[in-house]
Amino acid sequence: MNKIYNFSAGPAVLNQSVLKAMSEASIDYLGSGISLMEMSHRSELVMEMVSQTKILVRDLLSISNEYEVLFLQGGASLQFSMIPMNLLNENQVADYADTGAWSNKAIKEAENFGEVNVICSSKDSTYNHIPKELKQNLDSTYLHLTSNNTIYGTQWKNFPIPLNNDSYLIADMSSDIFSRSLDISKFGLIYAGAQKNIGPAGVTLVIIRKDILGKVNRIIPTMMNYQTHIEKDSMFNTPPVMAIYAVNRSLNWLDTIGGIEKMADINLRKAMKLYDEIERNSLFNSPIEESDRSLMNVPFIFSNKGNDNDFLSFCDKRGLKTLKGHRSVGGFRASIYNAMPEEGVDALVQAMKDYESI
Ligand SMILES: *Cc1c(COP(=O)(O)O)cnc(C)c1O
């Protein structure tokens, strides 16, 4: 039997140690005799676990006390509306970069709450690059971008600086948080659904600078108000304890392998192996401009005509799973998040070579 490698874009691969810890915790959490799923979120064991998870987030990303770390529900998708609802008055404008499907969804939601200025868009070229020319509005309250475009496979390598000194960056980092070094101080808010790089679906990490809050005059529903979750330490209502524990174990694993800098080196090596093979192999092509290629989601297509399903089943037989491209792009997409071992990338590269020589 081949070892199975899951290249899914999300929910995505988790490290084996995380899965093992989850299976143990679901029967008997740390020798308590009861399952973590059955435990009160007010119990000492759970409070301790959640607080330790926050500390891991803070330590790994060197987050200062100006910021709060929150574990929320509703996915990254709920953040699309929570952000403008909490931060943008009706008569204010926010800058948004349109670099793919998720950016687009964020823009649509923001339009319900204030004015949106789309500073750039790569839509006309099927989102195959990150635009370099940005038309920022000088009065903009914040600048929102999607740091890694999961579907199209582009990634911001350098983040823009808002022109207005009072403005700040907001980033949807669902598919690349904890994959590379990050200077948190450039951002007012960062959010990420856990199910790409740090855990299962059900919990969304939000890192927010406290001083950006309290500036809108609309009424914000209690559950949608960041202040509620800050004051109640992410325990205003029952948090998704199992999902948070999976994040805890994933970050603990990341910590033990040497933290983000070490991970970033590994991620770069993995991605370069794959892109090099895409370039070398006569059968395949990357549809993405070289300088903007994602290190997390690697789309590729047949250079000439080829049978997508034939290559997918060739890979499937070798245990290389979920390589089908997103329906809006076609071809193939290998998501190689933190938890994808380098051997998984090696196995895919080998499959591409072998397929070429059939
Ligand atoms: C997957 C994804 C989302 C959607 O996340 P949900 O948790 O399903 O709401 C948003 N943004 C990006 C960049 C994603 O990859």
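The values are calculated or read from the model by the stated rules, or taken from the named source; none is laboratory data. Quick caveat, the model's predicted, so the values are computed rather than measured. Please note: Cβ atoms are built from the backbone with ideal geometry, for glycine as well, and neighbour counts cover all protein chains shown. Only protein heavy atoms, including side chains, enter the accessible area calculation; ligands, DNA and RNA are left aside. Shrake-Rupley method; radii C 1.70, N 1.55, O 1.52, S 1.80 Å.
What to note about this one:
- Computed helical MRE - 222 nm, the chain, DSSP H runs ≥ 4 contributing -39500 (n - 2.57), nearest 500: -11000 deg cm²/dmol
- Of the beta bridges in the chain, as assigned by DSSP with both residues counted there, near 55 percent are antiparallel.
- For the chain, with +1 on Lys and Arg beta carbons and -1 on Asp and Glu, the positive-most of ILE151, ASN164, PRO131 along the dipole: ILE151
- Euclidean distance between Cα centres, the stretch 178-242 to the stretch 290-310, Å: 33 Å
- Residue-wise HN-Hα couplings along the stretch 124-138, as the Karplus relation 6.51 cos²θ - 1.76 cosθ + 1.60 with θ = phi - 60° gives them from phi, are 5, 10, 6, 6, 8, 7, 9, x, 9, 9, 10, 9, 6, 8, 5 Hz; Gly and Pro carry x.
- Equivalent ellipsoid semi-axes - Cα gyration tensor, the stretch 1-72, angstrom: 26, 22, 10
- The stretch 230-300, accessible surface, carbon-and-sulfur percent (1.4 angstrom probe): 48 percent
- HN-Hα J in Hz across the stretch 7-24 - Karplus 6.51, -1.76, 1.60, θ = phi - 60°, x for Gly and Pro: 9, 4, 6, x, x, 10, 3, 10, 5, 3, 5, 5, 5, 5, 4, 5, 5, 5
- When all protein chains stay in place and ligands, DNA and RNA are ignored, the 1.4 Å accessible-area order of GLU111, GLU356, GLU231, largest first, is GLU231, GLU111, GLU356.
- Solvent exposure of the stretch 68-125 as accessible area per residue, Å², 1.4 Å probe: 37 Å²
- Scalar couplings 3J(HN,Hα) for the stretch 243-250, obtained by applying the Karplus form with A = 6.51, B = -1.76, C = 1.60 to θ = phi - 60°, are 5, 5, 5, 5, 5, 4, 5, 5 Hz; x denotes Gly and Pro.
- The order of the peptides 189-202, 268-281 by mean Cβ neighbours within 10 Å, most packed first, is 189-202, 268-281.
- Cα-derived Rg over Rh, computed across the chain with Rh taken as Kirkwood radius: 0.98
- Translational diffusion of the stretch 122-242, estimated by Stokes-Einstein from the Kirkwood radius over alpha carbon pairs at 25 °C in a medium of 0.890 mPa s, is 151 µm² per second.
- For the stretch 1-160, the carbon plus sulfur part of the accessible surface works out to 50%, probe radius 1.4 Å.
- Remark on PHE300: its backbone amide H falls under 5 Å from those of PHE332, ARG333, ALA334, a criterion applied only to residues 5 or more positions apart or on other chains, H modelled at 1.01 Å from N.
- Per residue accessible area of the stretch 208-266, 1.4 Å probe, in Å²: 49 Å²
- FRET efficiency, 1/(1 + (r/R0)^6) with R0 35 Å, evaluated for ASP265 and SER357 via beta carbons: 0.65
- Projecting label points 7 angstrom from Cα along Cα→Cβ for GLU111 and GLU90 puts them 1.8 nm apart.
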